[in-house]
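K.L.:
Structure incoming, see below.
The values are calculated or read from the model by the stated rules, or taken from the named source; none is laboratory data. Because the structure is a prediction, the values reported are computed rather than measured. Cβ placement follows ideal geometry from the backbone for every residue including glycine, while neighbour counts extend to all protein chains displayed. Protein only, heavy atoms only, side chains kept; ligands, DNA and RNA dropped before computing areas. Shrake-Rupley method; radii C 1.70, N 1.55, O 1.52, S 1.80 Å.
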Amino acid sequence: MKLPSNHTPLTHGDFVGPARHIAPLLDEAIRCANENDRAPIKMIFLGPPGTGKSALARYMQHQLKCHPKWSTVKLNGSQVDLETVENLASSLHLRDLFSEWKFIWFEEIDQCTPKAQVRLLTLLDDQPTGTAIVCTSNCKLNELESRFQSRWKFFDVKPPTAADIHGLLVSYGLDEATASQISTFACGNVRAALLDAELAMQAQATMKRS
């Protein structure tokens, strides 16, 4: 049985709601970067929790063929201080044997320290070719410092509708009534809906066995 919580979009159609329309734009950005000698990629996905921001970042990682261990550095903003950014800056030009790209992934970039954010501005200005720096944040664009805003390509990831989530849950074999209830109360949070769906499926399976 496929587990809903393991849902990992790898094609446009795997995404739910507005994120599905952003995925093709990422493909185009990668194509343009590759055609321009692997020009640096700088992106931030903004939006409420569970709308697909991390899924879009993971999709970028997959499309760039970046090995999740050797070609990727993934950090939460709460881990990022000035020293962390300095270490990234000193090693950003290094490459491995697994990918032509190096992928730097910051979750909740707004949580990094003020000094780290300022140092990150210089890192972005000096970003070498063949590197992609991709961030997520639950905050809104106007909540980020203006200097920070000007250096990124932003994508505002809106929540999917209840109908979007309902269709996804039914595709995993959840019955219509339970899918409808979960999708309604998820309030656009796909991650929460998938976790609830998995619990419901497990409970139904247990009842059938008893």
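Each row is one residue, and each column tells you yes or no for (1) surrounded by fewer than 13 Cβ atoms within 10 Å (Cβ to Cβ); (2) polar (S, T, N, Q).
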position: His93; (1), (2): no, no
position: Ile104; (1), (2): no, no
position: Glu107; (1), (2): no, no
position: Pro114; (1), (2): yes, no
position: Leu124; (1), (2): no, no
position: Thr131; (1), (2): no, yes
position: Cys139; (1), (2): no, no
position: Glu145; (1), (2): yes, no
position: Phe148; (1), (2): no, no
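K.L.:
Looking at segment 20-46 only, could you name the residues that are in contact with a strand residue (DSSP E or B) (Cβ under 9 Å, 6 or more places away or on another chain) and either within 15 Å of Val190 (Cβ to Cβ) or open to solvent by less than 30 Å² (accessible area, probe 1.4 Å) (or both)?
P.N.:
Result: Ile22, Leu26, Ala29, Ile30, Ala33, Ile41, Met43, Ile44, Phe45, Leu46.
K.L.:
Which residues, taken from segment 157-188, are assigned to a helix (DSSP H, G or I), among the hydrophobic types (A, V, I, L, M, F, W, C) and open to solvent by less than 70 Å² (accessible area, probe 1.4 Å)?
P.N.:
Within segment 157-188, Ala162, Ile165, Leu168, Leu169, Val170, Ala179, Ile182 meet the criteria.
K.L.:
Could you tell me whether any residue of segment 123-146 is under 30 Å from Ile30 (Cβ atoms), in contact with a helix residue (DSSP H, G or I) (Cβ under 6 Å, 6 or more places away or on another chain) and free of Cβ contacts under 8 Å to residues at least 60 places away in the same chain?
P.N.:
yes
K.L.:
What is the one condition in (1) surrounded by 19 or more Cβ atoms within 10 Å (Cβ to Cβ); (2) outside any helix (DSSP H, G or I) that Pro49 does not satisfy?
P.N.:
(1)
K.L.:
Here's something else I'd like to know. List every residue pair whose Cβ atoms lie under 9 Å apart, where the two residues are 6 or more positions apart in sequence or sit on different chains, the first residue falls within segment 186-208 and is under 20 Å from Ala163 (Cβ atoms), and the second residue, located anywhere, is basic (Lys, Arg) and part of a loop (DSSP other than H, G, I, E, B).
P.N.:
Going by the 9 Å Cβ cut-off, the qualifying pairs are Gly188/Lys158.
K.L.:
Also, I was wondering about something else. Taking the stated definitions as given, is Val118 modelled with pLDDT of 95 or more and closer than 16 Å to Val80 by Cα?
P.N.:
No: the conditions fail for Val118.
K.L.:
It is to be established whether one or more residues within segment 53-76 are over 30 Å from Ile182 (Cβ atoms), touching a Phe, Trp or Tyr at 6+ places or on another chain (Cβ under 9 Å), of a type in the set (Ser, Thr, Tyr) and open to solvent by less than 50 Å² (accessible area, probe 1.4 Å).
P.N.:
Yes: one or more hits.
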